[in-house]
Amino acid sequence: LVLVVDFGAQYAQLIARRVREARVYSEIVPHTMPVSEMLAQNPKAIILSGGPSSVYADGAPGIDTAVFTAGTPVFGMCYGFQLMARGLGGEVAPTGAREYGRTAVSVSQGGTLLADVPAAHTVWMSHGDSVVAAPAGFDVLASTTDTPVAAFEDVERGLAGVQWHPEVLHTEHGQKVLEHFLVDIAHCRQTWTMVNIVDEQVEKIRAQIGERGQAICALSGGVDSAVAAAIVQRAIGDRLTCVYVDHGLMRKGETEQIERDFVAATGAELVVVDAEKQFLDALAGVSDPEEKRKIIGREFIRTFEAAEADILGDSIAEEGEKVAFLVQGTLYPDVVESGGGAGTSNIKSHHNVGGLPDDLEFELVEPLRTLFKDEVRLVGEQLGLPGEIVWRHPFPGPGLGIRIIGEVTRERLDILREADAIAREELTRSGLDRDIWQMPVVLLADVRSVGVQGDGRTYGHPVVLRPVTSEDAMTADWARLPYELMERISTRITNEVREINRVTVDITSKPPGTIEWE
Ligand code: XMP
């Protein structure tokens, strides 16, 4: 275990991912955690992340210098580097010159940390203060024009640091430097793999659910719930029941993927609830986006709880026994952002659903709580789930209901499903699936425009392609799709979907636009 101490910038999660890419398990802890508590977890190493502040600013987050003398190897990056320098008697000063973005660094001696790294290379920096004198016992390894001490190490004590951000993509040799620290200075063993995760989680889940427990899991069609369910299935077999609510708002082929491919790959018990009519009736006449979302959310809970009651209705808990478990695909970023630890959740969710015994209490099972999205995909592959599920782009819970601008009807859904299937097929064929975060296709159902198709004048609807690139959906840029690809999509949609006579592309970044149109 390597602990990444988060000093409040957005870098901690990225660092934790890079450490895991080096096949060493890592977790994030807040800088407010007492050092004694960090050390009690017996970490192999501690990494101090970058942060938004100057070490001299009022209220700047700090760390007890005991962290540097406990004998546990410590690596400081950016702000963490300055904390280390100052904490051990070096000197940090505002140099006046701020370095942001790409910066050239020159390596004077490789030492252990920068071994085999070219003498001149480019790194990503963002700092105002600089280390002007390293603490006693440290070797200075590199500098930049404005920063006399840009990297140092004291291999004997297991301490090292760099002024730059080795974790970001724009830093050359960043991963190599991180691995030099992890392997050559901290002597971590590189044994963290997806196989271990599956085995470990299966054991944990067996212990949590026990001999008699029953679990249920709502499948959404997405990767998180599918992988969570597949792990639990491995652990407890047919005591897990998966529920898939078909609300009629899915894309072409997605329901079949779950019914056929997911079940074939996992052998899971699956209950499909056909609720299309119920959802469409509830949505009739509604075009306000928030209203639609509310209705879909409400109907979903109703349907799921009714299925739950059917499945678990007979489970009567004996005194002190837990028999009902709810599987959820919660990921590590959600856990970190809500301030929780990475251990098993103790949250109890109390359902008072008609049909269920009053004292039936659900406990959450969250096998993905320690994982990042990219790791979940690798676990999914490891478990043999179909590629279409493992690599599926994010898709919103309310489905196509929020991609039809205007009232949602069966006929409109069918039109959008056809257009969307063509766009996805062409995107996949072009090999760009993994470069694009998402490409919603939006039907402007209340807009019509004049066109000519075949011999006659048409008065059809436009669709909007919304291809975006993104790291986390918080911000996004519009994707520069190749013209040839856009041409193929446009030609095919207007030829093959009679009701659509115009294809447009949304070129708005987020912000100001959101990814979805509603
Ligand atoms: P926006 O449109 O806010 O979307 O930029 C950000 C990301 O969230 C997805 N999204 C949803 N996912 N339920 C979901 O599970 C929802 O109601 C929902 N609304 C938006 C969207 O597809 C994008 O990935």
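Every number here is computed from the coordinates shown, using simple stated rules; none is lab data. Since the model is a prediction, treat every value here as computed from it, not as a measurement. Counting neighbours? That spans all protein chains shown, and the Cβs are built from the backbone with ideal geometry, glycine included.
Which order, highest average first, do 238-247, 371-380 follow once you tally other Cβ atoms within 10 Å for each residue and take the mean per peptide? Present the calculation step by step, with values, prior to reporting the outcome.
Details: 238-247: 21.8, 371-380: 19.8.
Output ranking for 238-247, 371-380: 238-247, 371-380.
Report, in deg cm²/dmol and to the nearest 500, the calculated mean residue ellipticity at 222 nm for the chain, where each DSSP H run with n ≥ 4 adds -39500 (n - 2.57) and the sum is divided by the residue count. All intermediate terms of the calculation are to be shown ahead of the outcome.
Values: 15 runs with 156 residues, N = 518.
The per-residue figure over the chain is -9000 deg cm²/dmol.
Of the beta bridges in the chain, as assigned by DSSP with both residues counted there, near 45 percent are antiparallel. Per-residue extension of 0.36 nm, minus the Cα-Cα distance of residue 93 and residue 310, leaves a gain of 71.4 nm for this segment.
For residue 273 and residue 450, what is the calculated FRET efficiency with R₀ set at 35 Å and r taken between the beta-carbons, to the nearest 0.05?
Details: r = 42 Å, r/R0 = 1.21.
That gives a FRET efficiency of 0.25.
Across the chain, Cα-Cα pairs more than 31 Å apart make up 56 percent of the total.
When each of the peptides 55-63, 295-303, 493-501 is scored by the mean number of other C-beta atoms lying within 10 Å of its residues, the order from highest to lowest reads 493-501, 295-303, 55-63.
In what order do 187, 393 fall by count of nearby beta-carbon atoms within 10 Å, going from fewest to most? Numbers along the way, then the final one.
Details: 187 11, 393 16.
If I rank by nearby Cβ atoms, fewest first, I get 187, 393.
With 0.36 nm allotted per residue and the present C-alpha distance subtracted, the residue 190-residue 104 stretch has 27.9 nm of extension available.
Hey, can you rank 89-96, 211-218 by average C-beta count inside 10 Å, highest first? Provide the component values of the computation, followed by the final result.
Working: 89-96: 14.4, 211-218: 19.1.
In descending order of packing, they fall as 211-218, 89-96.
Amide H to amide H, with H built 1.01 Å from N, residue 476 comes under 5 Å of 510, counting only residues 5 or more places away or on other chains.
Would you mind checking the pairs 176/510; 252/373; 176/373 and listing those with alpha carbons more than 27 angstrom apart?
176/510
In this structure the amide hydrogen of residue 437, modeled in the peptide plane, comes within under 5 Å of the amide hydrogens of 468, 469, 470, none closer than 5 places in sequence on its chain.
Computed 3J(HN,Hα) for segment 472-481, one whole-Hz value per residue from the Karplus formula 6.51 cos²θ - 1.76 cosθ + 1.60 where θ = phi - 60°, is 8, 6, 6, 10, 7, 10, 6, 7, 7, 5, glycine and proline marked x. Placing R0 at 60 angstrom, the Cβ-Cβ distance between residue 411 and residue 56 gives a FRET efficiency of 0.40 after rounding to 0.05.
Gain on full extension, evaluated as 0.36 nm per residue between residue 374 and residue 290 minus their Cα-Cα distance, stands at 27.2 nm. In this simple spin-label approximation, residue 260 and residue 169 carry label points 7 Å from Cα along the Cα→Cβ vector, and these lie 3.5 nm apart.
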